[in-house]
Structure formats: C-alpha cells, structure tokens
Amino acid sequence: METNGSLPSLDQLRHRQTELVAALSVETSTSSLAALSTELESVLEQIQQYGSQRT
C-alpha cells in the first residue's frame, strides 16, 4: 500500500481491506492465502486503532 512514508488514511485501509478480501476469495495457493490473511489481520488492526482513537 503506497503511503509516502505516512500512516495510511482510513479510506486507504478500507480500500486495501476490500482488495485483500477479493484476493482471498479466489486464491488457491496455501502460502499466498497465508500472506494475504496476515496482511488482512494487520489492516483490520489499523482500522480498529482508528476506531479507538475516536472514542
């Protein structure tokens, strides 16, 4: 994900989340599934951090 050295915006994170879910839905390689899943977990954690900063 291109962020130019800064933290990604919430919109960028949600867009990447959508891309990852789409990729996971068609991927068949176990190693690729694992890598995509790991990245998705990271993106979800970052999205959750946005939510906790707002409360």
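No lab work stands behind these numbers, since they all come straight from the coordinates. All of these numbers come straight from a predicted model, not from anything done at the bench. No Cβ is skipped: glycine too gets one built from the backbone with ideal geometry, and neighbour counts run over all protein chains shown.
Only one residue of Ala34, His15, Gln53 has its Cα farthest out toward the positive end of the dipole of the chain, where Lys and Arg carry +1 and Asp and Glu -1 on Cβ, and that residue is Gln53. Evaluating 6.51 cos²θ - 1.76 cosθ + 1.60 at θ = phi - 60° for every residue in the stretch 10-27, the Karplus couplings come out as 4, 4, 5, 5, 5, 5, 5, 4, 4, 4, 5, 4, 5, 5, 5, 6, 10, 6 Hz, glycine and proline recorded as x.
When the chain is treated as a GNM with alpha-carbon contacts under 10 Å, the residue of Glu27, Glu41, Glu19 showing the greatest mean-square fluctuation is Glu27. Full extension of the chain between Ser6 and Leu33 gives 7.0 nm of extra length, using 0.36 nm per residue less the Cα-Cα distance. Couplings 3J(HN,Hα) of the stretch 31-37, computed from phi: 5, 5, 4, 5, 5, 5, 5 Hz, in residue order, whole Hz [Karplus 6.51 cos²θ - 1.76 cosθ + 1.60, θ = phi - 60°; x for Gly and Pro].
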